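The values are calculated or read from the model by the stated rules, or taken from the named source; none is laboratory data. The model shown is predicted, which means the values in this text are computed figures rather than measured ones.
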Amino acid sequence: MTTEQSSSPVHATADLPAPPPALFRRGDFNAFYTEEMSSVTVFLIHQGASAYEAADAAHEAMAKLLPDLWRTLEHPRAWLRVTAQRCYWRQSSTRATPTDPVPDRPGGTCPLTTVVISEFQQTVLDALRQLPPTMRTVMAWDLDGFTYTEIADALTMSPAAVRQNISRARKRLITLLAL
């Protein structure tokens, strides 16, 4: 994260800090899953997904990494977010919101149990949803701690375009949030 980037308005619980990028053992998928699942879920929530939609897309993207693709990728964190984003976009927009609680995965790693959203954070999420899709996408990457160069590479944009979209999105968010 660069000095001009801010921290995420929606985050995993305070006692579960975001892991540093790529500090996982490539032979331990369970550790990778545990470290990344909540982050990817929040990443998708920043893009406008409901908690259920985000969890579904994040799980679908994780499943695509198996059995061995995740070991050979140069940037598995970025690949996971691009894939999860595509999975979210493919989901049906008419799907009903489930009312039953999400069943726990063995080992208690359901991402919905670690995502905590305050009233202010919900206000920020509502404002993010009002941004145009490109701005919302680059802001989600920015909020997830990726650098402008990493975002540009993942989204096949120039770093200048990323910087401009983030700047414009921040200005709109300031207006929307009356800050």
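Here GLU119 does not qualify as closer than 25 Å to GLU36 by Cα and at pLDDT 90 or above.
Restricting the search to helices (runs of 4 or more DSSP H) fully inside the stretch 1-83 and requiring at least 2 residues that are more than 11 Å from the chain's Cα centre (by Cα) and at pLDDT 80 or above gives 29-46, 51-65.
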